[in-house]
Structures are given as structure tokens and as C-alpha cells.
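Working notes, beginning with the structure itself.
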Amino acid sequence: MTSLIKTLVAVAATAVLVTGAFAQSTVVNVENEAAPSLTVQAPLPGPLAQGVVFIPYRLENLRIVPVGGAIARDLSPRVGHLHVTVDDLPWFFADYGQSNTIILGGLPRGEHKVRIEAVDPGGRPFIARTVTFIVPGPVASSR
């Protein structure tokens, strides 16, 4: 059993050395947390050509979890969720998933704008990004 533990420790240490850094702990308080950062990419071209919008994003220094309210604002490491607004409509939807992709279907052809906000458990924004794209129309058939 001791050799197994030593082997596992060696593998873990090698993995840390190869990646060059430890991941942020999710089980202890984090002092002086860095501000959340949000990177949003353009929609993936393959699905977009079929009329379905896949918007990849990367969120750092904010864990997406299904909690809300003022008391959750003091959790460490920091938690929150996303608000997603389409075409400046007066409503948004909240995303509590961790898929790193916003998926939208059924948008009419034409130009659209999606705003993605990383927010605290009470809905106050940390950071926002907007992506604009065009949903293509149907391919004209040749006769």
C-alpha cells in the first residue's frame, strides 16, 4: 500500500510540475481574490451555419453555483452565475451551469447581439462581454 501511495504522490507532483501551477482551491478561503475575468469567443461557425448559436466562454476567479442572496456574496472562493441578454431585450436568463458554452436556438436570421454578464449571487455584475453575430438565412436552392 505504501508503494501505491508513493506512486500516486509522484504522479500528482509530476502533473503539477508539467502544468506549472496549482489550481485555485475550492475548499478554503482565498485571500485577495483576483477580480473575475470573462472571455467570450465568437459563435462556432459550424452550428451557426445551421442556425444554432454556440458561444464558448471562459470564466476565471468566479465559480458558477446555484446559490443566491446577500449572504452568498461573502463566500470564498467567490461564487456567482451568468446573466445572458439577447438583442437588448428587457429580460435575461440566468445560467447556473458550467458548460462554458451558451447555446441559443430559434433566432431569426439576421444580426444579433448577446451580452453575457458574470454576476454575484445577488445579481450585481462583476464583468460583462458582448458578442455580435449574423444568423445566416437559408441557402438558396439552384433551379
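Tabulated data for the structure shown
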read-out: Accessible-area composition of region 40-121, carbon plus sulfur, in percent [1.4 Å probe]; value: 54 percent
read-out: Highest average packing first - 103-115, 55-67, Cβ atoms within 10 Å; value: 55-67, 103-115
read-out: Listed peptides 32-42, 79-89 by packing density, highest first (mean Cβ within 10 Å); value: 79-89, 32-42
read-out: Relative contact order of region 34-95, defined on C-alpha pairs under 8 angstrom at six or more residues apart (%); value: 24 percent
read-out: For region 26-143, accessible area per residue (1.4 Å probe, heavy atoms of protein chains only), Å²; value: 60 Å²
read-out: Under Karplus coefficients 6.51, -1.76 and 1.60, residue-wise ³J(HN,Hα) of region 126-133 in Hz, glycine/proline x; value: 8, 7, 9, 9, 10, 10, 10, 7
read-out: Positive-end residue of G69, I134, V114, charge dipole of region 35-143 with Cβ unit charges; value: I134
read-out: Two-site FRET efficiency, Y96 against I134, from Cβ-Cβ distance with R₀ of 22 Å, rounded to 0.05; value: 0.15
read-out: Low-density loop positions, chymotrypsin sites (Phe, Trp or Tyr not before Pro), region 84-125 - DSSP coil, at most 11 other Cβ in 10 Å; value: W91
read-out: Residue-by-residue Karplus 3J(HN,Hα) for region 51-60, coefficients 6.51, -1.76, 1.60, Hz, glycine and proline x; value: x, 10, 9, 10, 10, x, 9, 10, 10, 10
read-out: Principal axis box of region 70-143, alpha-carbon based, largest edge first, Å; value: 64, 24, 16
read-out: Inter-probe distance in nm under a simple model that places probes 7 Å from Cα toward Cβ, at V84 and I71; value: 3.0 nm
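The values are calculated or read from the model by the stated rules, or taken from the named source; none is laboratory data. Quick caveat: nothing in here was measured; it's all calculated off a predicted structure. Quick reminder, even Gly has a Cβ in these numbers, built from the backbone with ideal geometry, and neighbours come from all protein chains shown. Quick note on the areas: whole protein, heavy atoms, side chains included, nothing else; ligands and nucleic acids left out. Shrake-Rupley method; radii C 1.70, N 1.55, O 1.52, S 1.80 Å.
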